[in-house]
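The values are calculated or read from the model by the stated rules, or taken from the named source; none is laboratory data. Note that the structure is predicted; figures quoted are calculated from it, not measured. Neighbour counts are summed over all protein chains in view; Cβ atoms, including those assigned to glycine, are modelled from backbone coordinates with ideal geometry.
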Amino acid sequence: MKKIDQVYDALVQLEKKFNRGISAYEVSQVLKNDRANVSRYLNILYIENKILKAEGRPVLYSSLKKDEVITVVQDTKNSVDEITLRQQSLQIPIQQAKAAILYPPRGLHTLILGETGVGKSMFAELMYQFAIEAKVIDTEAPFIRFNCADYADNPQLVMAQVFGVKKGAYTGADKDKEGLLKKADGGILFLDEVHRLSPQGQEMLFTYIDTGVFRSLGETEKTIQVEVQIIAATTEDPQSHLLNTFTRRIPMIITLPPLREKSLAERYYLIEYFIKKESKRIGKSVYVNRNSLISLLLYDCPNNIGQLGSDIQLSCAKAFVNYKSNKEEYILITQSDLPQHVKKGMMRINELRDEIDQLVNTKCDILRFNFREDVAPNITSKPSDNEDFYDAIEKKLEDLKKSGIEAEEINQIINIDIESHFQKYLGNLHEDIRIQEISKIVDVEVLETVEEILRLAQNKLERKYDKKIYYGLALHIHGFIERVKKGVKIYHPKLNLIRVEYPDEFLVAMESVKIIDKKFHVQTPLDEIGYLTLFFTSNPLDIDGDEKIKVGILVIMHGNTTASSMVDVCNTLVGAHHAAALDMPLSMKPLDMYELAKKQIVKLDRGRGVLLLVDMGSLTNFGDMVYEETGIIVKTIDMVSTPIAVDACRKAVLGRDINEIYESFKDIGCMNKGFVKKIKMTNKNIIITACFTGEGASERLKSIIEEKLSNNYNIEIIPLNILNRKGFKASINQYKENHKILAIVSTVDIHVNDIPFISAAEMIAGDGMKYLEDIVKEEENYVKIGKSLKNHLKYIDGEKIIDEIRHTISDIESLLNLKIRDEAVIGIILHVSFLLDKLKGGGKETTFEGLIHYKDQFNREMIIVKNCCISLENKYKIDIGENELAYICNMMISNNENEAL
Ligand SMILES: Nc1ncnc2c1ncn2[C@@H]1O[C@H](COP(=O)(O)OP(=O)(O)OP(=O)(O)O)[C@@H](O)[C@H]1O
């Protein structure tokens, strides 16, 4: 046998045995021949098109197997084959995929199973590419992707998207709409997370799979016939009952293996592929030192290829910054550029040293990857949202340099940017993976310390802590160790108070500090113990105190009984003994009255301030004077009438904030401005980020939010410290004066009445950002509606009225225990705005048919609606008649989501 044939045979045998590509070295070992010679023969075989070759270290060869499905396709070198060659674990899935595509007459519907990040979406696209290359479908054929989890809480919408909808099928379906299944005619419909389809949706899908026809939602007669191959995917466990029906009824099941089941050679290929991808984007070679490459090969990567890719991107980005800002000669990834959890990979080197030495040249300390050499096949057509990432870093670097910032600081800023950029990958992770991911922000040692400290606290305090505290504590400890190391002084003004208030937690904090000192070789100042203690207290930091605590109301009027009788009316109508009265006989001296008022205010204040309702004269100055003397927030409304008093009292009972109640009477013209310093009104929406110091974590939260929130929103983010609750509360109140606070995002649980709270944990590893965006979008939506109302209303200000009506609606909701459907709220707001404008312009009320009967039936509801509308009536000096009240009442009740009234 000729030498060249022996080489070919040996290659085929080895390939059979190992089921992967084979290196020249391995062939030379079998033939006991010189490796250079074998290499030469392999190259000849390659040039003669008898074998395939994949560049890499080492170069791998494989034979062309003629008996495989591969031969069905005329052009043997298609994108699918390029992948199989280097990714042996995909060989069987790829054969299945080819069979599914080529199966006559129009392929087999397919279900792809696999953990998150194993490449299901990519695989579906690959099948589509293959179908085109194999000429099974037209080059222009559609590939439509739909994630069934996107609208999972609205199964009807999911079905409508997929199958289309007939006009009138459900409320809101006001015209016929074509579904994706129709749009994909002649091509492929990829349904990701298919197990999220409702049972009805599944049945519709199976009907199509079985018969080739389907009906739009709500259609009873007409069927639609299409030629679409369905590729479905799911991360669900194939054994789960959710998947039973799918696996029974979808003919081709393809399982993609997780990364941990792939060979190291295959993982090497993937690493090479991802680094070359980055190299291509930067337009330069990327160098990696040997240890970093080994770490990438060995680290635990539960989120599979997707995570491997993003970890490599993150490392490249850091190396790129280093190259740019330090004017390095080339882009080099070293251990310091790797995320902590990747670095840990190096620890497994002893288990796998031989295999690693074979893969990664022992003589090379640094390896070069260049996109021009063996350009990696373009195996995904998904556009990358990181495309301009390097440009953005470069630009920011330039800008920072120009502004004269020190190099070290520039590096810090950019690194924060990079890390926040990669935060988005955290959103999809499972809980245990999220914990690993936070290590991109915080050192792994810190995380281990947090775990140890929390175990200690749980045991000692016999209390369970949830995940939220884990993240908050990690960010906090990370920050304070840095400060201690830099020698920055830490000061806690309330140390002693905290020690007395929380003795057990204080002891745990002291023990925790011992652990920290030992681990990080620092000497933590005593004041820090004060901060740590607060993390262990079981209750969230409740800035307003008990939610039940309300703003106090004190009515002072001239006359023997004026105030008491007004207060009687208020308390009776509001249904609570909340307001207090002081009658001031005409003979009484103001100074005596002042002393009485001061005592009463001190008694009424529970920490949320007191609203002083007075008629006239010297009484209007009492508020300022009491504030000066006692520090209690007092706001005064003068020339008060009974309806105003009732309204103020109701708002206080509903738990409204003092500023808000005060503001709501502002335009009535009976306000004494009180002690509050006037800041220029901006009316801007703001978000508060907070942490104990107001520097580290809150600044970082700010930058994370800024990074993610679209610039289109006119929102300011303000970092504050919670060092001192009173100070924090005062700042919040100050901001409330002129701004709307959309949310507070903080490392510590803080409850401020009426303001949504998002923990740092939710922000970093949960749905916090989405929640925040929803809040922002909703607010911006109202701003837009207000602007457009401005053009439509003649007599009242459309921009101002929106918030007032929203308050009225939420008062009614809370008193009647209703929850108005979201989509109906805007309709009610518009109705009430136009109504107020009409009444203000002297228009007549519209008759409500059957008013008398309606009032009988909904007596209590009508009274509450009337009461809640008083503030609108007061403000606009109008009278909302019973007919109109009945309309409002009816709209509210009929749009109620809650079960019972
Ligand atoms: N075999 C592969 N070769 C190269 N890149 C791959 C491979 N498999 C996946 N990737 C890349 O990994 C990333 C994640 O893949 P993909 O989104 O397809 O995974 P998935 O299983 O659909 O994940 P999920 O279930 O989370 O949606 C993508 O950027 C994809 O291009």
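Numbers for the structure displayed
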{"quantity": "Hits in the stretch 739-751 - residues which are closer than 16 Å to residue 685 by Cβ and in a strand (DSSP E or B)", "calculated": "740, 741, 742, 743, 744, 745"}
{"quantity": "So residue 124, is it away from the ligand (no atom under 16 Å from the Cβ), buried (at least 21 other Cβ atoms within 10 Å of the Cβ) and within 17 Å of residue 252 (Cα to Cα)", "calculated": "no"}
{"quantity": "Residue within the stretch 857-870 that is touching a strand residue (DSSP E or B) at 6+ places or on another chain (Cβ under 9 Å) and under 25 Å from residue 171 (Cβ atoms) present", "calculated": "no"}
{"quantity": "Checklist (1) modelled with pLDDT under 90; (2) in contact with a Phe, Trp or Tyr (Cβ under 9 Å, 6 or more places away or on another chain); (3) under 23 Å from residue 645 (Cβ atoms) applied to residue 795, failing item", "calculated": "(3)"}
{"quantity": "Single unsatisfied condition, residue 350 versus (1) assigned to a helix (DSSP H, G or I); (2) modelled with pLDDT of 80 or more", "calculated": "(2)"}
{"quantity": "Only listed residue being charged (D, E, K, R) and crowded, with 24+ Cβ neighbours inside 10 Å, chosen from 311, 300", "calculated": "311"}
{"quantity": "Every pair of residues 6+ apart whose Cβ atoms lie under 9 Å, when the first sits in the stretch 862-874 and is in contact (Cβ under 8 Å) with a residue 60 or more places away in the chain while the second is of a type in the set (S, T, N, Q)", "calculated": "868/808; 869/808; 871/664; 871/808; 872/808; 874/641"}
{"quantity": "Residue within the stretch 164-173 that is in contact with a strand residue (DSSP E or B) (Cβ under 7 Å, 6 or more places away or on another chain) and either within 16 Å of the ligand (Cβ to nearest atom) or modelled with pLDDT of 90 or more (or both) present", "calculated": "yes"}
{"quantity": "Flag for residue 189 being within 16 Å of the ligand (Cβ to nearest atom) and crowded, with 19+ Cβ neighbours inside 10 Å", "calculated": "yes"}
{"quantity": "Filtered residue count, the stretch 135-157, keeping only those that are closer than 20 Å to residue 228 by Cβ, touching a residue at least 12 places away in the same chain (Cβ under 8 Å) and out of contact with any helix residue (DSSP H, G or I) (no Cβ under 6 Å at 6 or more places or on another chain)", "calculated": "5"}
{"quantity": "Checking residue 621 against (1) under 24 Å from residue 654 (Cα atoms); (2) surrounded by 14 or more Cβ atoms within 10 Å (Cβ to Cβ), the condition it does not meet", "calculated": "(1)"}
{"quantity": "Filter pass, residue 270 being assigned to a helix (DSSP H, G or I), farther than 21 Å from residue 126 by Cβ and aliphatic (A, V, I, L, M)", "calculated": "no"}
{"quantity": "Some residue of the stretch 821-837 being in contact with a His (Cβ under 7 Å, 6 or more places away or on another chain) and in contact (Cβ under 8 Å) with a residue 24 or more places away in the chain", "calculated": "no"}
{"quantity": "Residue count, the stretch 811-835 (criterion: over 14 Å from residue 895 (Cβ atoms), of a type in the set (Gly, Ala, Ser) and surrounded by fewer than 20 Cβ atoms within 10 Å (Cβ to Cβ))", "calculated": "1"}
{"quantity": "Hits in the stretch 161-196 - residues which are in a strand (DSSP E or B) and either on the phi > 0 side of the Ramachandran plot or not β-branched (Val, Ile, Thr) (or both)", "calculated": "177, 189, 190, 191, 192"}
{"quantity": "Any chance residue 157 is within 16 Å of the ligand (Cβ to nearest atom) and either at negative phi or of a type in the set (Ser, Thr, Tyr) (or both)", "calculated": "no"}
{"quantity": "Residue within the stretch 165-175 that is surrounded by 22 or more Cβ atoms within 10 Å (Cβ to Cβ) and over 19 Å from residue 242 (Cα atoms) present", "calculated": "yes"}
{"quantity": "Residue within the stretch 227-249 that is out of contact with any helix residue (DSSP H, G or I) (no Cβ under 9 Å at 6 or more places or on another chain), touching a residue at least 12 places away in the same chain (Cβ under 8 Å) and in a loop (DSSP other than H, G, I, E, B) present", "calculated": "yes"}
{"quantity": "Among the candidates 312, 271, 275, 294, residue that is farther than 19 Å from residue 60 by Cβ, within 14 Å of the ligand (Cβ to nearest atom), β-branched (Val, Ile, Thr) and at pLDDT 90 or above", "calculated": "312"}
{"quantity": "In the stretch 173-218, the residues that are charged (D, E, K, R) and either free of Cβ contacts under 8 Å to residues at least 40 places away in the same chain or more than 22 Å from residue 126 (Cβ to Cβ) (or both)", "calculated": "174, 175, 176, 177, 178, 182, 196, 203, 210, 215"}
{"quantity": "Sole exception among (1) under 24 Å from residue 247 (Cβ atoms); (2) free of Cβ contacts under 8 Å to residues at least 24 places away in the same chain for residue 221, by number", "calculated": "(1)"}
{"quantity": "Options 219, 278: the member that is crowded, with 23+ Cβ neighbours inside 10 Å, acidic (Asp, Glu) and more than 27 Å from residue 100 (Cα to Cα)", "calculated": "278"}
{"quantity": "The stretch 740-754, subset modelled with pLDDT of 80 or more and surrounded by fewer than 19 Cβ atoms within 10 Å (Cβ to Cβ), residue nearest to residue 705 (Cα to Cα)", "calculated": "741"}
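Residue-by-condition table, conditions (1) buried (at least 16 other Cβ atoms within 10 Å of the Cβ); (2) assigned to a helix (DSSP H, G or I):
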residue: 837; (1), (2): yes, yes
residue: 847; (1), (2): no, no
residue: 863; (1), (2): no, yes
residue: 870; (1), (2): yes, yes
residue: 879; (1), (2): no, no
residue: 885; (1), (2): yes, yes
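Each row is one residue, and each column tells you yes or no for (1) buried (at least 16 other Cβ atoms within 10 Å of the Cβ); (2) more than 30 Å from residue 214 (Cβ to Cβ); (3) within 10 Å of the ligand (Cβ to nearest atom); (4) modelled with pLDDT of 85 or more.
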{"residue": "86", "(1), (2), (3), (4)": "yes, yes, yes, no"}
{"residue": "92", "(1), (2), (3), (4)": "no, yes, no, yes"}
{"residue": "109", "(1), (2), (3), (4)": "yes, no, no, yes"}
{"residue": "131", "(1), (2), (3), (4)": "yes, no, no, yes"}
